[in-house]
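Scroll down for the structure; my scribbles are underneath it.
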Amino acid sequence: MGTPRARLVLFTTILGSGIALLDGTVVNVALTRIGRDLEADLAGLQWVVNGYALALASLILLGGSLGDRFGRARVYAIGTAGFGLASIGCALAPTIETLVLARVVQGVAAAMLVPGSLAILQASFTREHRMAAIGAWTGLSGVASAAGPVVGGWLVDRDWRLAFWVNLPLAALVVWLTLTRVPESRDTDGDHRFDRAGVVLAVVALGALTYALTVGPAGGGVGGGAVTWVAAGVGVLAAVGFVVAERRSTHPLVPPRLFSDRTFTVVNVVTLLVYAGLSAALLFLVLFLQVVAGWSALAAGTASLPLSLAMLLLASRFGALSARHGPRLYMVAGTVCAAAGFVLLGFAPRDPTYVTAVLPGIALVGLGLSMLVAPLTGTVLAAAPDALAGTASGVNNAVSRTAGLLAVAALPPLVGLAGEAYADPDAMASAYRAAMWVCAGLVAAGAVLTATALPRRPAS
């Protein structure tokens, strides 16, 4: 930490993952504009979010494993380049269907990009500096989070397509830095034979289950009804087959020994709960402020700026503290704080004043995430052997992305929002309040699990 080489590696991994983070923020802010421009209903808008998540969740384990086998920097650069090229398709999309297709291609590229960012840090920094590096990565990623609502809202108010064009120069810079400045690393001691059965079963299981989660809650949609149940059944069978295949394989895609570690398993379950609540809450907040309160895309996006600023200023500090005192205390306090923030946001009136109705809740969520994210990420990576850094990152990212997919797909119909009801202020106001309570409950459940099941001082 603190050397010029370290700063370059941090900057490259932060900027690459920041592109994906910025893109997700902008898409949430742009949904109402996309819906009007492309004449899309809520199901179509859900697919703009979930088409990306479906491809990413299906392939992210493969992406992490490819980095371990063939070089983390190389795979990271390929994923970033693919993400930039797919952004061109998003920017040029003439219909909602072509936009969804381009978002799926983005998801495929992101499956190589997303796990590589943290895996590069885990492999590049010495053990005593890793938690600090991850804390710095978490905090400085807040720059992308902070820029997303402001820059994204400003672009969307002019033309939502500009929000995808901005990815191109950023992706080009990341590819150049990765290939010229980032040290290459891979699992040199592992068996580099390819686990074909594991790859196929993982893709089928994650793809079929996430597809069922996407179309199932709405009770129809694209391939609804019987096809949804068939997809769910295929997903479950493939998941069981994957577990059996990995136990028998001499070169597994996801070594079963990862889950024999209690810390690794517990933190991944906490990740599932926290990111489900967070993804749904932020989506509902942006829609509520635009549809019910009548705010512009820029104003609605900027509302979450204190969350990003809190991450920027505090995450690295809490990462260093958790390295010194253990992550359990900070993870419990962070989840409780974030849940309290969602409760406060749920009480926002239909014509909210930002300072009194939105800012307190957003600030609490930001403080909670600042305490939580670096310890959570550092702990799950520390629980895995160094040689499997990419695989461990892929597993944790698959969990967080699937959690967001589940929440975005299942929560709207569960709180009474379907079809074009998202554009009805009365329906949106009622659904928003119920959704915030559900999100608070999910994050609070993560606090309970952390307090009761995570060891007080996991091995690092």
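Scan LEU307, LEU314, LEU283 and give me the residue that is farther than 13 Å from GLY366 by Cα and part of a helix (DSSP H, G or I).
LEU283
Suppose we filter segment 241-256 for residues that are assigned to a helix (DSSP H, G or I) and either over 25 Å from the mean Cα position of the chain (by Cα) or crowded, with 20+ Cβ neighbours inside 10 Å (or both); how many remain? Walk me through it before giving the result.
Just the residues of segment 241-256 that are assigned to a helix (DSSP H, G or I), to begin with: 241-248, 256.
Of the ones still in play, those that are also either over 25 Å from the mean Cα position of the chain (by Cα) or crowded, with 20+ Cβ neighbours inside 10 Å (or both) are 241-242, 244-248.
Residues meeting the conditions: 7.
What are the pairs with Cβ atoms under 7 angstrom where one residue, in segment 387-402, is in contact (Cβ under 8 Å) with a residue 12 or more places away in the chain and under 18 Å from GLN122 (Cα atoms) and the other, located anywhere, is in a helix (DSSP H, G or I) and β-branched (Val, Ile, Thr)? Sequence gap at least six, or different chains.
Note: pairs meeting the criteria are ALA392/VAL380; GLY394/ILE60; ASN396/THR271; ASN396/VAL380; ASN397/ILE60; ASN397/VAL114; ALA398/ILE60.
Kindly provide the set of residues from segment 389-405 that are hydrophobic (A, V, I, L, M, F, W, C) and at pLDDT below 75, ordered by number.
ALA389, LEU405
Checking the conditions here, which among THR263, THR250, THR302 is farther than 30 Å from PHE70 by Cβ and of a type in the set (Ser, Thr, Tyr)?
THR302
From the set of residues in segment 161-207 that are basic (Lys, Arg) and modelled with pLDDT under 85, which is surrounded by the most Cβ atoms within 10 Å (Cβ to Cβ)?
Residues of segment 161-207 that are basic (Lys, Arg), as a first pass: 161, 181, 186, 193, 196.
The next check asks that each one be modelled with pLDDT under 85; those that pass are 186, 193, 196.
Values: ARG186: 21, ARG193: 10, ARG196: 11.
It comes out as ARG186.
Determine, yes or no, whether GLY107 is modelled with pLDDT under 85 and not aromatic (Phe, Trp, Tyr).
On the way: modelled with pLDDT under 85: no; not aromatic (Phe, Trp, Tyr): yes.
No, not satisfied.
Before we move on, is ALA374 under 23 Å from THR138 (Cβ atoms), touching a residue at least 40 places away in the same chain (Cβ under 8 Å) and surrounded by 23 or more Cβ atoms within 10 Å (Cβ to Cβ)?
yes
The values are calculated or read from the model by the stated rules, or taken from the named source; none is laboratory data. Please read these numbers as outputs of a predicted model, since none were measured by experiment. Backbone-built Cβ (ideal geometry, glycine too); neighbour counts: all protein chains shown.
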